[in-house]
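To start, the structure under review is shown below, and the notes come after it.
Here, each number is a calculation from the coordinates, and none is a lab measurement. What you are looking at is a predicted structure, and each value in this text was computed from that prediction instead of being measured. Heads up, the Cβs are rebuilt from the backbone with ideal geometry, glycines too, and the neighbour counts pull from every protein chain shown.
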Amino acid sequence: MREGRDNWASVRRVAGRRPSARCTHSHEAESDTAPAIFRPEAPAGSLRLELSTLCQLCGCAGVGRTGEKIVEARDLAHAYAPGRPVLRGVSLDVAPGEFVAVVGENGSGKTTLARHLNALVPLQAGVLTVAGIDAGDPARVWELRRACGMVFQSPENQFVSTLVGEDVAFGPLNFGAGEKDARLAASAALAAVGLAGFERRDVHALSGGQQQRMALAGVLASGPDVLVLDEATSMIDPQGRDDLVRAVARERAERGTTVLWITHDMELAARADRVVVMRAGEVVAAAAPEEVLANRPLLEGAGLEPPLAVRVWEGLERRGAVSGPAPVTVEGLVSALCE
Ligand SMILES: Nc1ncnc2c1ncn2[C@@H]1O[C@H](COP(=O)(O)OP(=O)(O)OP(=O)(O)O)[C@@H](O)[C@H]1O
Ligand SMILES: [Mg+2]
C-alpha cells in the first residue's frame, strides 16, 4: 500500500495546484517581474504563448538546478526487427522543468524514443532513467508510467470511458487513489486544461481539440513529473492547438513539469528551451532554438524546414535588407525589424 499512498501524494499535488516541490530557484531577482505566459493580444490561430519561461509562481526562467537531470538516456538502441535498427545510440539529458522540442522527419525514431520513456517498448540496449526510475526495470513500470505521462496524436486511442470525468479519473484510480479523490483530481485536471464542468459530457461529443485537452487532463490527473506529447497538435485546428499549448504552459508554470514535445511544427519548436533534432535513429543536434532552427543545412539534412521567421529573414538578407543572426519566432522577427 505504500506505493498507493505515494501515488496519491502526487494526485493531491495536482488537485491542490500547489507549487512544484522541485522549484528551488532563488525568488529574489524576478519576483515582481513574473513572465507573461499568455499573449492574449496575439491573433487567434497564432501561438499566443510565451513558452520560454517557466515558473510563474516564482517568476524565474531557469530549468532546474545545474546538472540535475530528470531524463537521462545513454546509448539507447532499438530494433523492431532484427538487423533493422530504428534507434542508434541515442543519448539525451533533460533538466527538470525544461521544455524540449523533438523534431525530425518521418521515421527518424521520435515516437520510438518517446515510447521508451514510459516503457511502452522494452529497453533493448543502453541506459534510461526517468525521474530517477530505471526504465529497464520491469518491476518499476507502473511507477515510471505515473512519473511520465504521454499524450498521443490521436486521443481516441487513449479513451477508457465514454464519460469525460470517468476517463480522466482513470489514471489516479489506477495508481491507487480512492473514488472521491480520483474524481477531485480529475475535476482539477479538467479545469487546468480549460474543460471545467465537462465531467458528465460524452467523450465522443467533444471536438477534436477538446478531446486532445481531455487526453492531456487524463495524464495530468496523475501528476506526472515528465509530460511527453507526440504530435499532439497535428490533428487539431490552430485554435485547438493554442488551447492545448496554453494548457501545457499553465502546467509547467504551476508545477514545473518537464515537457518533451515531439512535433513537426517549427513555430512551436521555436518556443522550446531546447530543440533536439533526430535523423535516422540518431540525435544530430540538441541546442537552443536560435542555434538549431536558423541552421538550414542541419535542418535540410534532417528533412526539415526552418520556421517562418527564419525564412523571411533569409529572404530579406538576400536582398541586403538585414544581416546577422536570424530570429526564430515571429515576435523576434518583428522586434528585429522594428529596432
Ligand atoms: N511497431 C513497430 N513495428 C515495426 N516497425 C516499427 C514500429 N514502429 C515504428 N517502426 C519503424 O521504426 C521506424 C521509426 O519509427 P517512429 O515511429 O519511431 O518514427 P517517427 O520519427 O516517430 O516518425 P513520424 O514522424 O512518422 O511519426 C520507422 O521506420 C517505422 O517504420
Ligand atoms: Mg512518430
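Taken together, the residues in the stretch 84-121 that are more than 9 Å from ligand 1 (Cβ to nearest atom), under 15 Å from G281 (Cα atoms) and charged (D, E, K, R) amount to 1. Please work out if G281 is in contact with a His (Cβ under 9 Å, 6 or more places away or on another chain), more than 14 Å from E98 (Cα to Cα) and not charged (D, E, K, R). Answer is yes for this residue.
Filter the stretch 216-241 down to the residues that are within 16 Å of ligand 2 (Cβ to nearest atom) and among the β-branched types (V, I, T), then identify the one that is farthest from R183 (Cα to Cα). Here the answer is T233.
From the list D230, D225, which residue is charged (D, E, K, R) and closer than 18 Å to T263 by Cβ?
Values: D225 fails: closer than 18 Å to T263 by Cβ.
It is D230.
Pairs linking a residue in the stretch 78-93 that is of a type outside the set (A, V, I, L, M, F, W, C) to a residue that is surrounded by 10 or more Cβ atoms within 10 Å (Cβ to Cβ) and not in a strand (DSSP E or B), with Cβ atoms under 7 Å and 6 or more positions apart or on different chains, are H78/T112; H78/V121; H78/Q124; P85/G281; R88/G281; D93/K69.
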